[in-house]
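Below is one structure, written out as structure tokens, with a few remarks after it.
Any read-out appearing in this document is the output of simple, stated calculations on the displayed coordinates, not a laboratory observation. Small disclaimer: the values here were computed from a predicted structure and weren't measured. Neighbour counts run over all protein chains shown; Cβ positions are idealised from the backbone, glycine included.
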Amino acid sequence: MNVLVVGRGGREHSLVQKFVESDQVDRIFAAPGNAGMSQMAECIDTSEQDFDGLVAFARENNVELTVVGPENPLLDGLVDAFQEADLPVFGPTKAAALIEGSKHFAKQLMQEYEIPTAGYEAFSDVEAAQAYIKEKGAPIVVKADGLAAGKGVVVAETVDEALSAAEDMLRNGQFGDASREIVVEEFLAGDEFSLMAFVNGTNVYPMIPAKDHKRAYDGDQGPNTGGMGAFAPVQELNNWSYAFAVEEILKPVAAAMVKEGRPFTGILYAGLIETSVGPKVIEFNARFGDPETQVVLPLLENDLLQVMIDVLDGKNPDLTWSEGVCAGVVVASEGYPGAYEKRRPLPEVEVAEGGFVVHAGTAWEDGKYVSSGGRVLLIGNKGEDLAQALDRTYQSLRPFENQSDFFYRRDIGRSSVSSAAPHADVE
Ligand SMILES: Nc1ncnc2c1ncn2[C@@H]1O[C@H](COP(=O)(O)OP(=O)(O)O)[C@@H](O)[C@H]1O
Ligand SMILES: [Mg+2]
């Protein structure tokens, strides 16, 4: 079978790496792909937003399954375009992707179907929003309703901070259409984790939970980024919380989407926070997470193509997972998430057995890889436990250790090693 992966980041490279393992896959196309993907897929010079071009390409090249990685084409209706052309595609329709595209919609849905999440109010009027903020006090969270490239959320520690966030978004149009409306919500304290599931209508097949690290620098300091590293599964999460997240969050929300006439097919991603009374939803995404995907898929024992086909057919894909833990650390360009230089040469990376390199912002120039984005690549590895997975990963990062053009976090997973493995010191 021929498959087409739409996207150009680490998540999509990881999908391509998984499809390579499938006996059923003949040709893999990536649109537009990246330099890393071009080693194992045929990259097509098309934008993710060129729907007509993608549909025509899929038809002409007998693509039997198209998988859409990023949120923008999903929200703009790329899946709908494939469905109208009668081409098999894995991902949510525009109507279903609204669960990511509008935080207000997602909050209303959760409220109506009693899915645990932070208390909130939505506003389009700045005075009303500010009155509510003053009434509730800080800490409080202000969110742009629409997509804002990961910059649309302010976790305000003071009332003043929240007031000016509301002002920037509603009065000053900070995020254009995406901040015509805002959600103001209760601050939740606790550890965050991500739980993704394969979903088709009311059928929900959860993956293993993952933890991402969003801040740029060690100790969760510095600005928010797209994600600086991740690991899976999250062993400190107890079985009760995992079961709760599946039974009381993922399954009811999938059923709610069916009831609302927006049945969801694809990957449903729940961003969760483990509060003192159990997991609550921070947000939903309508696609694979990045970088969570890069550490979850290596532990999936199934043929990914078969999983997607089964899910689309309404069959249980019987997901099975390898023992052990997978970790991944992102190498970023110095300056990211602010301004950074491009076209800096990358050192040679050697990964140990079980290790992998996932490209995100790289290009191939004059016979070598150079950087072309903020997040450049992710290096990962598996281990019997988190400590071993991290040791192996950090070994492979050595060539980047003294590179002034790049940086990476030295503490991915560290706080979880001590809490997850109390026996480690005893033996
Ligand atoms: N209600 C909340 N309480 C505490 N922290 C929150 C809350 N909502 C969001 N956050 C923090 O802000 C981050 C970004 O919020 P999120 O809703 O996931 O938006 P996005 O990923 O679209 O930027 C979360 O990962 C979390 O760390
Ligand atoms: Mg988020």
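Tabulated data for the structure shown
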quantity	calculated
Charge dipole (the range 2-91, unit charges on Cβ, about Cα centre) - positive-most of Leu75, Ala35, Val6	Ala35
For the range 325-426: span of alpha carbons on each principal axis (Å, largest first)	51, 29, 20
For the chain, the spread of Cα positions along each principal axis, largest first, Å	59, 55, 44
Relative contact order of the range 119-186, defined on C-alpha pairs under 8 angstrom at six or more residues apart (%)	46
Under the Karplus curve 6.51 cos²θ - 1.76 cosθ + 1.60, θ = phi - 60°, whole-Hz ³J(HN,Hα) for the range 356-361, x wherever Gly or Pro sits	7, 10, 10, 8, 10, x
Extended-chain gain in nm, criterion 0.36 nm per residue less alpha-carbon gap, Arg414 and Glu401	2.9 nm
Pairs beyond 28 Å (Cα-Cα), from Lys94/Lys251; Lys280/Lys342; Lys103/Lys134; Lys103/Lys315; Lys151/Lys315	Lys280/Lys342; Lys103/Lys315; Lys151/Lys315
Average Cα contact separation per residue, the range 325-426, under 8 Å, 6 or more apart, as relative contact order %	35
Least to most buried among Asp125, Asp310, Asp45 (fewest other Cβ within 10 Å first)	Asp45, Asp125, Asp310
Low-density loop positions, trypsin sites (Lys or Arg not before Pro), the range 305-403 - DSSP coil, at most 15 other Cβ in 10 Å	Lys315, Lys342, Arg343
Pair Asn172, Asp391: separation of 7 Å Cα→Cβ label points (nm)	5.0
Whole-number Å³ per residue for the convex hull built on Cα positions in the range 191-312	111
Loop-located GluC sites (Glu not before Pro) in the range 264-362, at most 16 other Cβ atoms within 10 Å (DSSP)	Glu301, Glu323, Glu334, Glu341, Glu348, Glu350, Glu353
The range 189-242 shape via C-alpha gyration tensor axes, a/c threshold 1.5	prolate
Shape category assigned to the range 119-186 from the gyration tensor of Cα positions, a/c cut at 1.5	prolate
Aspartates and glutamates whose Cα lies under 18 Å from that of Lys136, excluding same-chain neighbours fewer than 8 positions away	Glu121, Asp125, Glu127, Glu157, Asp160, Glu161, Glu167, Glu185, Glu186
The chain, relative contact order in percent, only Cα pairs under 8 angstrom and at least six apart counted	15
Inter-label distance for Lys368 and Asp26, nm, one decimal - labels placed 7 Å from Cα along Cα-to-Cβ	4.0
